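Visitor: First the structure, which I've put down as structure tokens, then a few questions once you've had a look.
The values are calculated or read from the model by the stated rules, or taken from the named source; none is laboratory data. Keep in mind the model is a prediction, meaning the values are calculated, not measured. Please note: Cβ atoms are built from the backbone with ideal geometry, for glycine as well, and neighbour counts cover all protein chains shown. The accessibility values were calculated without ligands, DNA or RNA, using every heavy atom of the protein model including side chains. Shrake-Rupley method; radii C 1.70, N 1.55, O 1.52, S 1.80 Å.
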Amino acid sequence: MALTDTKLRALKPAAKTYQRADGRGLVIEVMPGGKRVWRLRYRLNGKQEKVTLGEYPAYSLQEARQWRENCRGMVAKGESPMAAKRLSKAIQRDPDTVEAFAATWLEKVVAKTVRDPRTVRMYLNRDILPAIGKKRLHEVTVSDVLEITDRIKARGADQSALLARNIIKRLFAYAIARQKVASNPAAAVDARYI
């Protein structure tokens, strides 16, 4: 049954955290301390994910529903709202990390020049960012690139390893153009050695 503002105001804290559903994955979570937090559950590529909007009443029921629809639109395109929020926070925290710069690169370059940016996003989220995402751009070395490609090759996916190297190479080419770094660690890894 859908929530209303009256129902939301009537929610009281309990000994344990509990939830009330609005529908289509949107829930309000009521904490023992009285905080009420909007969350969205959804499935992407067969996996359950959860993302948080923020507290009620800072975010109204109407805003939460609009946010839910925006997130569902992202999921329909194969994009993860949880990953998008994580990247957004990384950009705010430290814009010179690989993760933060990759988010900018995806938005300003990849989204406009690549016919299907989902593949680039998938390689970044699955193989590249877990390995080097927290590093600052100038800290990434040839060894880091080799570690990533070797790990992918160990799965028996040589072609995927080459594609991951190419993505890192394009990312750092953009970083050089934006004067964030002076060299491209992926350029030193020749394709024939992958």
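Visitor: On the given criteria, is GLU49 in a strand (DSSP E or B) and over 18 Å from ALA84 (Cβ atoms)?
Guide: Taking the combined requirement at face value, the residue does not satisfy it.
Visitor: Report, by residue number, each residue of segment 86-97 that is open to solvent by 70 Å² or more (accessible area, probe 1.4 Å) and under 21 Å from TYR42 (Cβ atoms).
Guide: ARG86, LYS89
Visitor: Of all residues in segment 13-56 being more than 14 Å from CYS71 (Cα to Cα) and touching a residue at least 24 places away in the same chain (Cβ under 8 Å), which is most open to solvent (accessible area, probe 1.4 Å)?
Guide: Selected residue: ASN45.
Visitor: Take the residues of segment 132-157 that are open to solvent by less than 40 Å² (accessible area, probe 1.4 Å) and among the small types (Gly, Ala, Ser): which is nearest to ASP96 (Cα to Cα)?
Guide: Among those residues, the one meeting the criterion is GLY133.
For every residue, the table says whether it meets (1) within 16 Å of LEU106 (Cα to Cα); (2) among the charged types (D, E, K, R).
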{"site": "GLU139", "(1), (2)": "no, yes"}
{"site": "ASP144", "(1), (2)": "no, yes"}
{"site": "ILE152", "(1), (2)": "no, no"}
{"site": "ALA157", "(1), (2)": "no, no"}
{"site": "ALA161", "(1), (2)": "no, no"}
{"site": "ALA173", "(1), (2)": "yes, no"}
{"site": "ILE176", "(1), (2)": "yes, no"}
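Visitor: Let me confirm something: among LEU87, LEU53, which residue is modelled with pLDDT under 90 and within 25 Å of PRO117 (Cβ to Cβ)?
Guide: Only one candidate passes the filter, namely LEU87.
Visitor: Here is a further query. Select from segment 57-79 the residues that are part of a helix (DSSP H, G or I) and of a type in the set (Lys, Arg) and write down the one among them that is surrounded by the fewest Cβ atoms within 10 Å (Cβ to Cβ).
Guide: Restricting to residues being part of a helix (DSSP H, G or I) and of a type in the set (Lys, Arg), the top hit is ARG72.
Visitor: Test ALA100 against the stated conditions and say whether it is surrounded by 14 or more Cβ atoms within 10 Å (Cβ to Cβ), among the hydrophobic types (A, V, I, L, M, F, W, C), within 23 Å of ARG178 (Cα to Cα) and touching a residue at least 12 places away in the same chain (Cβ under 8 Å).
Guide: Yes; evaluated as a whole, the condition is true for this residue.
Visitor: Against the conditions (1) closer than 17 Å to ILE176 by Cα; (2) open to solvent by less than 40 Å² (accessible area, probe 1.4 Å); (3) not hydrophobic (A, V, I, L, M, F, W, C), where does SER160 fall short? Just the number, please.
Guide: Just one mismatch for SER160, condition (1).
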